[in-house]
1. Please go through region 12-31 and pick out each residue that is more than 15 Å from E116 (Cα to Cα) and free of Cβ contacts under 8 Å to residues at least 12 places away in the same chain.
2. For residues that are more than 15 Å from I31 (Cβ to Cβ) and part of a strand (DSSP E or B), tally how many sit in region 136-162.
3. Which condition breaks for M58 when tested against (1) in a helix (DSSP H, G or I); (2) at pLDDT 95 or above?
4. Please verify whether I28 is open to solvent by less than 90 Å² (accessible area, probe 1.4 Å) and within 13 Å of L151 (Cα to Cα), treating the condition exactly as stated.
5. Hey, could you check region 110-165 for residues that are charged (D, E, K, R) and open to solvent by 30 Å² or more (accessible area, probe 1.4 Å) and say which is farthest from I57 (Cα to Cα)?
6. I need every pair where a residue in region 53-78 that is under 25 Å from N19 (Cβ atoms) has its Cβ under 6 Å from the Cβ of a residue that is surrounded by 12 or more Cβ atoms within 10 Å (Cβ to Cβ) and of a type in the set (G, A, S), sequence separation at least 6 or different chains.
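The values are calculated or read from the model by the stated rules, or taken from the named source; none is laboratory data. In this text, all values refer to a predicted model and were calculated from it rather than measured experimentally. Note that each Cβ is placed from the backbone with ideal geometry, even for glycine, and that neighbours are counted across all protein chains shown. Only protein heavy atoms, including side chains, enter the accessible area calculation; ligands, DNA and RNA are left aside. Shrake-Rupley method; radii C 1.70, N 1.55, O 1.52, S 1.80 Å.
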Amino acid sequence: MEDNASKIISNALSVNKTNLYNNIKNIIKEIEKALYVNKDLILETNKIDQKNNNGFIMDFNVLNNIFKNLEKETIIYGAVTLSKKDEEKKIIYGKQIMDYGNVLVINDGNPYVIIEMSLKNIMAGNTTIFANQGYMYGTNNLIIKIIESVLEKFEISKYLIQLHV
């Protein structure tokens with residue numbers, strides 16, 4: 001975790017997303033696999049957060065629902081186009097492919113939000129920084145590290161997804 005906010009932003013802005021576009025679906029599948037492979041470690045870390053009165057019990061059934069709902073998503077970077085239309089004349093004046101973005105998510109530290117927002121922003125081609133006050137820090141930090149390790153397998157900077165507390 002990086003403590004310097006300007007360094008975090010700089011890292012996010014410098015992420016090369018060339019490999020992201022061609023691998024989005026495979027990255028999502030690998031993240032799902034990695035989270036389930038590390039289920040015991042995530043739950044053990046989650047118990048530590050609970051013991052420290054800094055978390056709730058995670059339920060992997062919620063994770064199942066996140067991935068099931070994600071399969072229904074149609075918006076994936078590169079597949080989105082916008083058209084300027086004149087409805088009266090039935091003319092399309094132009095098309096534009098949406099560009100990658102940078103997203104700052106300020107949340108309460110809910111790991112389900114972090115997982116879902118990470119996945120959706122990867123699908124959209126966005127760099128994402130999560131900011132919170134440290135709620136469920138151990139669990140969330142581990143989840144981010146797992147996601148970062150998958151990104152690095154695809155030669156994508158781990159700074160695509162960051163946690164700032």
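1. Here is the first cut: in region 12-31, the ones more than 15 Å from E116 (Cα to Cα) are 12-23, 26.
Scanning region 12-31 gives T18, N22.
2. Going through region 136-162, the residues more than 15 Å from I31 (Cβ to Cβ) turn out to be 136-139, 141, 155, 157, 159, 162.
Pick out the ones that are also part of a strand (DSSP E or B) and you get 162.
So the count comes out to 1.
3. Here M58 clears every test but (1).
4. Values: open to solvent by less than 90 Å² (accessible area, probe 1.4 Å): yes; within 13 Å of L151 (Cα to Cα): yes.
Considered against the rule, which asks whether it is open to solvent by less than 90 Å² (accessible area, probe 1.4 Å) and within 13 Å of L151 (Cα to Cα), I28 comes out as yes.
5. Initial filter on region 110-165 (charged (D, E, K, R)): 116, 120, 145, 148, 152-153, 155, 158.
Among the residues that remain, those that are also open to solvent by 30 Å² or more (accessible area, probe 1.4 Å) are: 116, 120, 145, 152-153, 155, 158.
Working: E116: 17, K120: 23, K145: 20, E152: 29, K153: 30, E155: 33, K158: 27 Å.
So, considering only residues that are charged (D, E, K, R) and open to solvent by 30 Å² or more (accessible area, probe 1.4 Å), the one farthest from I57 (Cα to Cα) is E155.
6. Every condition considered, the pairs that remain are Y77/A124; Y77/G125.
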